[in-house]
Amino acid sequence: MASGSGSKAGGRGVRRTLPRSMTRLPTMMDLPADEEPLADSEIVPSSLASIVPILRVANEIEPLNPRVAYLCRFHAFEKARFMDPTSSGRGVRQFKTYLIHKLEQDEEETKPILARTDTREIQKFYQWYYETYVKDAAERKP
């Protein structure tokens, strides 16, 4: 008589699945204290590669304007949610969880510097950035 469980009679067959304890191992590890934390753009799953430039900009401008960096990360999160709504891609769920925790932390830090509207804040920062870096560089070219 054939068994439908895939094991030998008597229950002594080879297990075809990992024990539950093995499948519930942690998916993310803490870095040792002496290592620098990874930038958001370095841990993006390959299925969400199109949000890497947004996260790079957020990391680059964070020292200059944390609120705009927060808005860039928020946009990246929304785009990731649209690209993979069920978080079925490899590492997508862990990345989204990491990003939402980062957004919650950044929101607390940037609340005191909220603008009337996010759009106005981004436009104001872009104008300053353009005048400080882009315009000066264009004028210096021979």
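Values for this structure:
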quantity	calculated
Equivalent ellipsoid semi-axes - Cα gyration tensor, the stretch 40-115, angstrom	22, 13, 9
Ranked by how many other beta carbons lie within 10 Å on average, peptides 100-109, 67-76 from highest	67-76, 100-109
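No value in this document is a laboratory result; all are computed from the given coordinates. Being a predicted model, the structure only gives us computed values, none of them experimental. FYI the Cβ positions are ideal-geometry reconstructions off the backbone, even for glycines, and counts take in every protein chain you see.
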